[in-house]
Amino acid sequence: MKSSYNKIYDKSPIWLQNILISMFGYKLYRQRYGKTYKKYFNEYLNKDYSDINSELEYQSRELQRLVTHAVNNSPFYREFYKGIDTTSIKTVDDLKKLPILEKEILRENVEKVYTLKKEEGITGITGGTTGKSLVVVFTKDDFQKRMAYLDAFKARLGVRNGMRRATFSGRQFTTHNQKKRVFWRYNFVLKQKFYSTFDMVSENLPLYIRDLNKFKPETINGFVSAIHDIAKFVEDNNIALDFKPIGIFTTSETLLPFQKELIERVFSCPVYDQYASAEGAPFITECKKRNLHYNLDTGIIEPLETDHGTEMLVTSFTSYGTPLIRYRIEDMVEFSNRKCSCGNCHPLVERIEGRQVDYLYSKERGKVSLSHLADVIKGMPNCIIAMQFIQDKIDEIEIKLVVDEKQYKEQHEHMILEEMKYRFGESMRFIFVKVNEIPKESSGKYRLIKNSVGIGERI
């Protein structure tokens, strides 16, 4: 069911939608930028990252603090660690004394994991790139601390709050009934223009580029696939850009070398990759020397060797509302033994392999990325255990669902159907199939997308 806010928004003219988005932006601004944010932003921005021993000592202190907090405040962890002397957890090596937190265990027990009431914190909903979704709760300090770290990372690269920002994300703000071909909305509070990634078909791309030239963003962030599509259209059609961003920050999807090369060439600025999760995992960010660093002061990443590669076990220092300790996030990572010349002692990461980008196709809307599909179940956390989209025909998609029978209702299927129609258009046929299990691939992971539509049949 749509909220009253959404109903008003859908019926409003675009100028009023901009005001409503700005009002919501102001609410987020107050959540993100308080005393905790200011304190940690200055600390992270001016911190000396050259001393590895100091960083490891900090990790140990924060780990002890987190484990104590989890045991004292989370009913789940009190039971999960029963019989374990948690006071002996003092270093990263000691983490091996604790059990691994699997995704399904977290999903089934997430409300017992919380250390505060939902209404006392800030909720976040995971996108469910493996067909699963859940609600996590951050404390206000968690939230502001995470924002401070990301903003300090960007500030070291020359980007500050208040600069004109273009964002390409999965936010749904264009409406079915709008007559004007205006596929963007503006948040006056943060000077941030949101560009719809749902409407980026070839015929609309000149409009996007025209507005970008008018807006002249100083920084760009968002989905790799969307920014790459813009760059490719600009280059293929020899279009001149009237602006040069300080930097572009890609999120949510794996940044492939050919995409990075093209985007940097077209926009004449560096592209910086970053890794974070909606659950609150430690950050991996790119430095001025264009290397990815695992940020030791945001948490702990343990490599877990499997038959399919190295997975990450994450322990987060910014998830006190929903503590993550040895959480098997199911993303794959390849660490490096190289040292970075930037002066930051934090370990290097060669690549993050867990965010595989794939697409489904629609005659009406073109290609639809993994990130868009992951958001389909955001409004139904905890009732969908697993989901998979299978496309064997250009006009038909099979949706496999593993559901929690206690929570899943008929209305949820209608909600999914509406979300899919929004992404693919009315002509696409959707077939819902409830199954007991979705088999894993040879990689050991679930695939959200399985597409066998031939290249010649695609858009």
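The values are calculated or read from the model by the stated rules, or taken from the named source; none is laboratory data. What you see is a predicted model, and the numbers here were worked out from it, not measured in a lab. Backbone-built Cβ (ideal geometry, glycine too); neighbour counts: all protein chains shown.
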Boolean, Val71 is touching a residue at least 40 places away in the same chain (Cβ under 8 Å) and surrounded by 13 or more Cβ atoms within 10 Å (Cβ to Cβ): no
Being of a type outside the set (D, E, K, R), crowded, with 22+ Cβ neighbours inside 10 Å and at negative phi narrows it down to one of Leu256, Leu292, Leu262, Leu241, so name that one. Leu292
Which of (1) surrounded by 14 or more Cβ atoms within 10 Å (Cβ to Cβ); (2) touching a residue at least 12 places away in the same chain (Cβ under 8 Å); (3) farther than 17 Å from Val314 by Cβ is the odd one out, the single condition Arg107 does not satisfy? (3)
Anything in the range 314-337 that is free of Cβ contacts under 8 Å to residues at least 60 places away in the same chain and among the aromatic types (Phe, Trp, Tyr)? List them, or say none. Phe335
So which of Ile300, Ile263, Ile248 is in contact with a Ser or Thr (Cβ under 6 Å, 6 or more places away or on another chain) and not polar (S, T, N, Q)? Ile300
Can you tell me which of Ile390, Ile397 is surrounded by fewer than 19 Cβ atoms within 10 Å (Cβ to Cβ), modelled with pLDDT of 80 or more, of a type in the set (A, V, I, L, M) and in a strand (DSSP E or B)? Ile390
In the range 108-119, how many residues are among the basic types (Lys, Arg) and either part of a loop (DSSP other than H, G, I, E, B) or under 14 Å from Tyr77 (Cα atoms) (or both)? 2
Being hydroxyl-bearing (Ser, Thr, Tyr), within 20 Å of Glu120 (Cα to Cα) and either out of contact with any His (no Cβ under 6 Å at 6 or more places or on another chain) or not in a helix (DSSP H, G or I) (or both) is true for just one of Tyr58, Tyr37, Tyr49. Which residue is that? Tyr37
Out of Leu373, Leu304, sole residue that is among the aliphatic types (A, V, I, L, M) and more than 16 Å from the chain's Cα centre (by Cα): Leu304
Residue in the range 153-198 that is farthest from Glu426 (Cα to Cα), counting only those that are small (Gly, Ala, Ser) and surrounded by 16 or more Cβ atoms within 10 Å (Cβ to Cβ): Ala166
Where Glu62 falls short, out of the listed (1) without any contact (Cβ under 8 Å) to a residue 60 or more places away in the chain; (2) surrounded by 15 or more Cβ atoms within 10 Å (Cβ to Cβ); (3) of a type outside the set (Phe, Trp, Tyr): (1)
If you check Thr91, Thr115, Thr123, which single one turns out to be under 30 Å from His412 (Cβ atoms), surrounded by fewer than 16 Cβ atoms within 10 Å (Cβ to Cβ) and assigned by TED's automatic domain parsing to the domain that holds Leu296? Thr123
Assuming Leu150 fulfils every condition listed in (1) touching a helix residue (DSSP H, G or I) at 6+ places or on another chain (Cβ under 8 Å); (2) of a type outside the set (Phe, Trp, Tyr); (3) part of a helix (DSSP H, G or I) apart from one, which condition is it? (1)
Cross-chain or 6+ apart pairs with Cβ under 7 Å, the range 293-313 first and within 12 Å of Pro347 (Cβ to Cβ), then polar (S, T, N, Q): His293/Thr285; His293/Asn344; Asn295/Thr285; Leu296/Gln59; Ile300/Gln59; Ile300/Thr315; Pro303/Thr310
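What number of residues within the range 3-34 are under 20 Å from Asn161 (Cβ atoms) and in a helix (DSSP H, G or I)?
13
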